[in-house]
Amino acid sequence: MSTTSLSKLISTRKEELARLLEWRGTNFPVVERQNDLRISFIELELEDLEKLNNQPQINENQQIVLDWVKEYMLDNSDFYNTIYASKQLYSYGVPFGEESKAFTKLNNRELAQVLELFSKWAQEQGEE
């Protein structure tokens, strides 16, 4: 989903929520319960949409590097060693192939986005 269509969806849901909140208390009890459920659903949906909207969109090279560091960490490595190994990706290149090429094509901002997403992912793994 593109950023524009995601923003439109968020805007539409906010308008619908505002309308439902404005009409609260003006209908029969059965309708009110339905509206309250819809309000709860929209609020939860908006939370998820806002999170999705705030995540950076990454390019193919960033995705390759992100997948590599996730896989590397899953091989019984810890977070620190994974970050250190990513330096090897850049420095040595040869043993890693496609991942190394992708890593060297990243600028500082793109690498920072990869590290941000990787950090969030690593924290989520610790919560499970």
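Structure data summary
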{"read-out": "The range 27-55-the range 100-119 distance, computed between alpha-carbon centres (Å)", "value": "36 Å"}
{"read-out": "Distance-filtered residues of the range 40-63 - backbone nitrogen under 15 Å, label point 7 angstrom along residue 21 Cα→Cβ", "value": "40-47"}
{"read-out": "Phi to ³J(HN,Hα) by Karplus 6.51 cos²θ - 1.76 cosθ + 1.60 over the range 106-113, Hz, x for Gly, Pro", "value": "7, 8, 4, 5, 5, 5, 4, 5"}
{"read-out": "Residues residue 120 and residue 41, FRET efficiency given R0 of 25 Å [Cβ-Cβ distance, rounded to 0.05]", "value": "0.45"}
{"read-out": "From phi via Karplus (6.51, -1.76, 1.60), per-residue ³J(HN,Hα) for the range 38-48 in Hz, x at Gly/Pro", "value": "5, 4, 4, 4, 5, 4, 5, 4, 4, 4, 5"}
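Each reported figure results from applying straightforward, stated rules to the coordinates on display, with no laboratory input. Note that this is a predicted model, so its numbers are computed, not measured. Neighbour counts are summed over all protein chains in view; Cβ atoms, including those assigned to glycine, are modelled from backbone coordinates with ideal geometry.
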